[in-house]
1. Show me the strands (runs of 3 or more DSSP E) entirely contained within region 18-125 in which 1 or more residues are within 12 Å of the chain's Cα centre (by Cα) and surrounded by 23 or more Cβ atoms within 10 Å (Cβ to Cβ).
2. Considering region 4-17 alone, what residues qualify as being within 15 Å of Asp127 (Cβ to Cβ) and either without any contact (Cβ under 8 Å) to a residue 40 or more places away in the chain or in a loop (DSSP other than H, G, I, E, B) (or both)?
3. Restricting attention to region 148-164, which residues are under 17 Å from Gln63 (Cβ atoms), free of Cβ contacts under 8 Å to residues at least 24 places away in the same chain and in contact with a helix residue (DSSP H, G or I) (Cβ under 9 Å, 6 or more places away or on another chain)?
4. Please find, within region 150-182, the residue that is surrounded by the most Cβ atoms within 10 Å (Cβ to Cβ) out of those that are among the hydrophobic types (A, V, I, L, M, F, W, C) and at pLDDT 95 or above.
5. Got at least one residue in region 129-139 being surrounded by fewer than 23 Cβ atoms within 10 Å (Cβ to Cβ) and part of a helix (DSSP H, G or I)?
Amino acid sequence: MVLTYSKDTMLKKGDSAPEFSLKGTDDKEHVLSEFGGKNLLIVFMCNHCPYVQPKFSFMNELQEKYKENLQVIGINTNSAVVDEDDFESMKEYSEKFKFKFLYLDDNTQETAKKYGAECTPDPFLFDSKHKLVFHGRFDDAHMQAHWKAKTNELETAIQQLVAGKEVTIKEEPSCGCNVKWK
């Protein structure tokens, strides 16, 4: 495990979300355009990362709490290179942790490259026109459940977005395990 911080090397605020076509744990192919008119939280993640696992329940909570205004999408970018992150394991984790959000398989790692994902978790928040409004950490509780956090950057950004306000929360880089590139 190499501790890595997210960077704004690819997407900047206001940039459009790159298109994708990825298979989900629901065995359906999902494309960005199917979420037209909906705010999106795209989190690059994986099964095994000790920085991601404590956020599973919070991602479920965000999906439930904001389901009218937000679609949460987890994208596993390590699936092709780490046994525990393969597609069958993704399905097992999705079932075991009762994921309420979509969990997609980026086994080619092309989507992660287009977004500039660096670590797991690496959250990107897009408005209903799929323009980037926030790229930063969930909170300051790294390797811990969200309820232990003293900050709440991601949900504050979501609240500003769904209220129709400009997202002004200061972005701190996310940190976690490095993406396991092929």
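The values are calculated or read from the model by the stated rules, or taken from the named source; none is laboratory data. Small disclaimer: the values here were computed from a predicted structure and weren't measured. Because the Cβ atoms are built from the backbone with ideal geometry, glycine has one as well, and the counts that use them run over all protein chains shown.
1. Numbers: elements: 21-24, 29-31, 39-45, 70-76, 102-105.
So the answer is 39-45, 70-76, 102-105.
2. Of the residues in region 4-17, the ones within 15 Å of Asp127 (Cβ to Cβ) are 11-17.
If the condition is that a residue be within 15 Å of Asp127 (Cβ to Cβ) and either without any contact (Cβ under 8 Å) to a residue 40 or more places away in the chain or in a loop (DSSP other than H, G, I, E, B) (or both), then Leu11, Lys12, Lys13, Gly14, Asp15, Ala17 are the ones that fit.
3. Hit for region 148-164 is Asn152, nothing else.
4. Among residues in region 150-182 that are among the hydrophobic types (A, V, I, L, M, F, W, C) and at pLDDT 95 or above, the one surrounded by the most Cβ atoms within 10 Å (Cβ to Cβ) is Leu154.
5. Scanning region 129-139, I find no residue that is surrounded by fewer than 23 Cβ atoms within 10 Å (Cβ to Cβ) and part of a helix (DSSP H, G or I), so the answer is no.
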